[in-house]
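Have a look at the structure below, then the notes.
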């Protein structure tokens, strides 16, 4: 299976990982936090996330042969038997969290299909087959699928944005909310940019080319930034009521046809994030246990289907919390590993020296600690 990607395909893998349901919660949270704090937070979250994802790509560039976060971190940490044990335990924790996340995406995608009249079991199985089939064929096919899906998502958001014209009936002079409201918006905005597991995939797919990797990270997160700005802005201005799931209030403010496009957006958002999660999970299993690709694919995708069939949507809240906590732990641990990587590699491939400096690393740790707090509110 070929692994070469174009910059756009790699960027779409990054965008596809992060363009999940979290974005749809931002308009409601911003309506409580206030317009000015919201704008400042979106800008800061993009900057923090861009530097953090570049640092992760930096680690991947210097750890060739290690294609997933766990093995990349292990490369810079303890060696020998102890290092292998730490890597194996870390891998199990991360993979379990990914299973819960994938189960959530299957449930969310099935909900869209069920709203169109499909029976529950059929909806779950159809979404799983479509989602898992793309992962079966590997990184290149996933890159193409992600690029097509993200392109369609862009088109859907643009159509909805244009459809909002003439429906901008809400004033945007939203007063500053409480500190708790601001922190909650900050936590969700940071989470909406998280695409950590997709970065090693992009680096490998771009053949460790520093210029192309840098462009892909900026483009992938930049597209997500545009999504956030358009969805938040249009939802706040045109919604009949700013709802917790933005698409409900937004589509009601535009018209019934928008509900159909909203379903398309949600379905594709679930698919793209499932693909990135599952491929990352499959790669981790292969790296740690040296199993063949097909068996790794089955072990990476089937448990999430079993979870949904056995427990329904009851695991959804636990899944989101679990996957969010793992992302936060990676973000907090990343600066620590960067310090060792600078000594081991003796050079920087992607980032400017100031990005890997101690003051910036301290700021990043603080930024993601506040993200953790905000996510719990």
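Side notes on the structure shown:
- From the options 145, 164, 178, residue that is touching a helix residue (DSSP H, G or I) at 6+ places or on another chain (Cβ under 6 Å) and within 27 Å of residue 327 (Cα to Cα): 145
- Residues that are farther than 21 Å from residue 160 by Cβ, more than 13 Å from the chain's Cα centre (by Cα) and assigned to a helix (DSSP H, G or I) within the range 203-234 comprise 203, 204, 205, 210, 211, 212, 213, 214, 215, 216, 218, 219, listed in sequence order.
- Residue within the range 187-200 that is touching a helix residue (DSSP H, G or I) at 6+ places or on another chain (Cβ under 9 Å) and without any contact (Cβ under 8 Å) to a residue 24 or more places away in the chain present: no
- Hits in the range 274-290 (condition: surrounded by 24 or more Cβ atoms within 10 Å (Cβ to Cβ) and out of contact with any helix residue (DSSP H, G or I) (no Cβ under 6 Å at 6 or more places or on another chain)): 280, 283
- So residue 134, is it buried (at least 24 other Cβ atoms within 10 Å of the Cβ), assigned to a helix (DSSP H, G or I) and in contact (Cβ under 8 Å) with a residue 60 or more places away in the chain: no
- Residues of the range 157-202 that are under 30 Å from residue 9 (Cβ atoms) and assigned to a loop (DSSP other than H, G, I, E, B): 194, 195, 196, 197.
- Filtered residue count, the range 48-67, keeping only those that are on the phi < 0 side of the Ramachandran plot and modelled with pLDDT under 80: 2
- Positions within the range 50-69 being more than 15 Å from residue 350 (Cβ to Cβ) and either in a helix (DSSP H, G or I) or free of Cβ contacts under 8 Å to residues at least 40 places away in the same chain (or both), in sequence order: 65, 69
- Against the conditions (1) at pLDDT below 90; (2) surrounded by fewer than 21 Cβ atoms within 10 Å (Cβ to Cβ), residue 97 satisfies every one except (2).
The values are calculated or read from the model by the stated rules, or taken from the named source; none is laboratory data. All figures in this text were calculated on a predicted structure; none of them were measured in a lab. With ideal geometry, Cβ positions are generated from the backbone for all residues, glycine too; neighbour counts draw on all protein chains shown.
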